[in-house]
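**Q** Okay, here's the structure, questions in a sec.
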Amino acid sequence: MTVITRFPPSPTGFMHIGTARTGLFNWLYARRHGGKMLFRIEDTDRSRHSEEAVQAIVNGLNWLGLDWDGDIVSQFSRSDRHAEVAHELVKTGKAYYCYCTPEELEQMRENAKKEGRPTFYDRRWRDAPPSMTPPEGINPVVRIKAPLTGERIVQDKVQGDVKVNAEQLDDFIILRADGTPTYMLAVVVDDHDMGVTHVIRGDDHLNNTFRQNVIYEAMGWDIPTYAHLPLILGPDGAKLSKRHGATSVEEYRDMGYLPEAMRNYLLRLGWSHGDDEIIDQEQALQWFDLENINQGAARFDFDKLNYVNAHYLKLADNDRLADLVIDLYKLRDISVSDIGRARLLARMDELKSRAKTLVQLADDAEFLVHGIPFEFEEKAAAQLNEDGKFIVKIVRDRLSALENFSADELEILCKSIANDHRDGKLGKVMMPLRAAITGKASSPSLVHAMEVLGQEEVSKRIEYALEKFA
Ligand code: GLU
């Protein structure tokens, strides 16, 4: 059997982190088993459909490096087929037309409430005798005949056997009065027609599964294998929401997380392989299975995400990182010259070992690419008081005497100035010097950065700073 999974997001306009995890799990499972992952847009609610909303999901998948097989299927475009199935079920006696008016339904709802029943529809049209002629002017809905008694079981790869009594299922609507399918019908017909063998989705859909299985059985179709993933919670145990921070994939991209880190993190968010935290793509493709999906809800842990991202930053190719950082600078209206790029690359090994995110890396490295004039952060400005300027001037006056403008020589120079003027305390030389050259109170190794900037640029910056704080 070829494994066929599916990724059926609703076009919400962004890709939720939970949707991304579902996509990843479906993708891994399909790829691991040499199968296919199909991509369907659940756009039956046309008011929500837009090309941009579809594009947002496509961009999210592309960014995460997840691909799919075949064309993107529009659920809406298949509504004739959904209706056809509903009518077929009526013909075979598995479903029926119901002509209840809104008032009748309201009355039933009230009665059920009074009696404390879980469902309300009283099935009055289910086995309507011929004497019950349809009222004029009412377009009927199609309802399916749900089983009346017995235990209903969903066999789930994550949750095990989940049971409900048939009494808890009503004869739910599969085709609305206007002829449009309900979500319940559309999903089942599409999954069946697309040959889906494995349905891996959030457990907010588990209750729907009992209803969907009624349709599968009525059509005599094979029920797919189900795996319902537990919710993603925020660090405090409440459902992950904006309150906890970013909830969409785009936001994580913009905060400077690498796609491979996000994949690793999302994989671990609900699935485990012993105590392994770092699981790269290759390992994931060898190890991923449905059996080790965790039963309990997963809590989003920002520290862990940072840890995983820092790991992948260290492994990332320097050229790629330079490109990504330069993209971030574009958003900050900073254009980077070839010289700026070369400086970034020259210091990338150090930069990437310090950063947890690309944004931090970009912040850290900005002084390497900007020119004069530049801003001084408050703490840096404070360093350029009389004492600080005194030291910076000494450094300036002795720079030209250096044989090589190298990190080693610069270090020796700064140490000797510290010995002569600051009781050997190197920090007291470096702090004001750093402030003058970078505009910041902290930076990657200053002497290495000075070497990369070169004597001319360093001298210019020092003059600029001294003038500014004169
Ligand atoms: N469109 C549904 C959603 O975005 C998914 C339905 C399913 O997986 O069956 O939640």
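**Q** Excluding residue 469 itself, calculate the net charge of residues whose Cβ lies under 10 Å from the Cβ of residue 469, where each Lys or Arg counts +1 and each Asp or Glu counts -1.
**A** On the way: positive: 389, 468; negative: 386, 467.
Value of the local net charge: 0.
**Q** Okay, next question. If you split all Cα-Cα distances of segment 151-298 into 5 Å bins from zero, what percentages do you get per bin, shortest first?
**A** 2, 8, 14, 16, 17, 15, 12, 9, 5, 1, 0
**Q** Same structure, new question: Taking only the alpha-carbon atoms of the chain, what semi-axes of the equivalent ellipsoid follow from 5 times the gyration tensor eigenvalues under a square root, in whole Å, largest first? Present the calculation step by step, with values, prior to reporting the outcome.
**A** Values: eigenvalues 840, 90, 74 Å².
Gyration-tensor ellipsoid for the chain: 65, 21, 19 Å.
**Q** Now a separate question. Report relative contact order for segment 9-154 in percent, whole number only (criteria: Cα-Cα under 8 Å, sequence separation at least 6).
**A** Working: 135 pairs, mean separation 31.8, N = 146.
Normalised by residue count, the contact order of segment 9-154 is 22 percent.
**Q** Kindly express, to the nearest 10 degrees and within the range 0 to 90, the angle between helix 102-115's C-alpha long axis and the longest C-alpha principal axis of the chain.
**A** With both axes taken from Cα atoms, the answer is about 80 degrees.
**Q** I would also like to ask the following. Under a 1.4 Å probe, what is the accessible area of the chain per residue, stated in Å²? Could you put the intermediate results ahead of the total?
**A** Values: 22310 Å² over 470 residues.
For the chain, the per-residue accessible area is 47 Å².
**Q** So for each of 256-269, 393-406 I average, over its residues, the number of other beta carbons within 10 Å; can you give me the resulting order with the highest mean first? If you can, show how the numbers build up before the last one.
**A** On the way: 256-269: 23.0, 393-406: 13.2.
Per-residue mean Cβ counts within 10 Å order the peptides as 256-269, 393-406.
**Q** Here's something else I'd like to know. Using a probe of 1.4 angstrom, how much of the accessible area of segment 47-103 is carbon and sulfur, in percent?
**A** Values: 1520 of 3040 Å².
Using a 1.4 Å probe with all protein chains present, segment 47-103 comes out at 50 percent carbon and sulfur.
**Q** Another question about this same structure. If you project the alpha carbons of segment 236-362 onto the principal axes, what extent comes out on each, in Å, largest first?
**A** Over segment 236-362, Cα extents along the principal axes are 52, 34, 20 Å.
**Q** Where Lys and Arg each count +1 and Asp and Glu each count -1, what net charge lies around residue 394 among other residues with Cβ under 14 Å from its Cβ?
**A** Numbers: positive: 389, 393, 396, 398, 415, 422, 428; negative: 386, 387, 397, 420.
Result for the local shell: +3.
**Q** Heads up, I need the accessible area for residue 445: 1.4 angstrom probe, whole protein in place, Å², nearest 10.
**A** Roughly 40 Å² of residue 445 is accessible to a 1.4 Å probe.
**Q** Hey, another quick one. Please report how far the C-alpha centroid of segment 427-468 lies from that of segment 273-343, rounded to the nearest whole angstrom.
**A** Answer, in whole Å: 31.
**Q** Extent of segment 339-413 along each principal axis, from alpha carbon coordinates, in Å, largest to smallest?
**A** The Cα atoms of segment 339-413 stretch 36, 32, 22 Å along their principal axes.
**Q** For segment 48-190, treating each Cα as an identical point scatterer without solvent, what Debye log10 I(q)/I(0) comes out at q = 0.15 1/Å?
**A** For segment 48-190, the Cα-only Debye profile gives -0.96.
**Q** Output the relative contact order of segment 366-463, whole-number percent, from Cα pairs under 8 angstrom with separation of 6+ residues.
**A** Values: 98 pairs, mean separation 38.2, N = 98.
The normalised contact order for segment 366-463 reaches 39 percent.
**Q** What GluC sites (Glu not before Pro) does segment 307-396 have in DSSP loop regions with at most 16 other beta carbons within 10 Å? Provide the component values of the computation, followed by the final result.
**A** Values: sites: 350, 366, 375, 377, 378, 386; in loops: 375, 377.
Here the GluC sites (Glu not before Pro) that fit, given the DSSP loop and packing criteria, are 375, 377.
**Q** Still on this model: Once the dipole of the chain is set up with Lys and Arg at +1 and Asp and Glu at -1 on Cβ about the Cα centre, which of 329, 153, 13 lies farthest towards its positive end?
**A** Checking the options against the dipole of the chain, the answer is 153.
**Q** Same structure again: Of the beta bridges DSSP finds with both residues in segment 137-284, what % are antiparallel, to the nearest 5?
**A** 60 percent
**Q** Could you give the spread of the C-alpha atoms of segment 327-470 along their three principal axes, from largest to smallest, in whole angstroms?
**A** Principal-axis extents of the Cα atoms in segment 327-470, largest first: 44, 29, 27 Å.
**Q** Same structure, new question: On average over all directions, what projected area in square nanometres does segment 3-96 have, based on the convex hull of its Cα atoms?
**A** Spelled out: convex hull of the Cα atoms, projected over all directions, averaged, 7.4 nm².
**Q** Enumerate the calculated ³J(HN,Hα) couplings along segment 277-292 in order (Karplus 6.51 cos²θ - 1.76 cosθ + 1.60, θ = phi - 60°), each rounded to whole Hz, writing x wherever the residue is Gly or Pro.
**A** My calculation for segment 277-292 gives 9, 8, 10, 7, 4, 5, 5, 4, 5, 8, 9, 4, 8, 7, 5, 9 Hz in order.
**Q** In Å, what Kirkwood hydrodynamic radius results for segment 99-156 from the alpha-carbon pair distances?
**A** Values: mean 1/r = 0.0732 Å⁻¹.
Computed over segment 99-156, the radius equals 13.7 Å.
**Q** Using Cα pairs under 8 angstrom and six or more residues apart, how large is the relative contact order of the chain, in percent? List each step's numbers first, then the result.
**A** Working: 688 pairs, mean separation 56.9, N = 470.
The value is 12 percent.
**Q** In whole Hz, what ³J(HN,Hα) sequence does segment 404-411 give by Karplus (6.51, -1.76, 1.60; θ = phi - 60°), x for Gly and Pro?
**A** Karplus values, whole Hz, x for Gly and Pro: 10, 8, 10, 4, 4, 5, 5, 5.
**Q** Let me spell out the model: positive unit charges on the Cβ of Lys and Arg, negative unit charges on the Cβ of Asp and Glu, origin at the Cα centre of segment 324-437. What dipole size does that give, in debye rounded to 20?
**A** Numbers: 18 positive and 20 negative charges, 24 e Å.
That gives a dipole near 120 debye.
**Q** Roughly to the nearest percent, how much of the accessible area of segment 366-426 is carbon and sulfur, given a 1.4 Å probe?
**A** Working: 1590 of 3570 Å².
Looking at segment 366-426 in its full context, I get 45 percent from C and S.
**Q** For 192, 49, give the ranking by accessible area with the largest first, probe 1.4 Å.
**A** On the way: 192 70, 49 45 Å².
Largest to smallest exposure gives the sequence 192, 49.
**Q** Working with all protein chains in place, sort 379, 314 by solvent-accessible area computed with a 1.4 Å probe, largest first. Mind dumping the intermediate values first?
**A** On the way: 379 150, 314 100 Å².
Heavy-atom accessible area, descending, gives 379, 314.
**Q** May I ask you to derive the FRET efficiency for residue 136 and residue 71 from their Cβ-Cβ distance with R0 = 60 Å, giving the value to the nearest 0.05?
**A** On the way: r = 44 Å, r/R0 = 0.74.
Rounded to the nearest 0.05, the efficiency is 0.85.
**Q** How are the Cα pair distances of segment 220-283 distributed, in percent, across 5 Å bins from 0?
**A** Whole-percent P(r) values from 0 Å outward: 3, 13, 18, 20, 20, 12, 6, 4, 2, 0.
The values are calculated or read from the model by the stated rules, or taken from the named source; none is laboratory data. Treat the numbers as computed from the prediction; the structure is a model and nothing was measured. Positions of Cβ are generated from backbone atoms using ideal geometry, with glycine treated the same way; all protein chains shown enter the neighbour counts. For accessibility, only protein heavy atoms count, side chains too; no ligands or nucleic acids. Shrake-Rupley method; radii C 1.70, N 1.55, O 1.52, S 1.80 Å.
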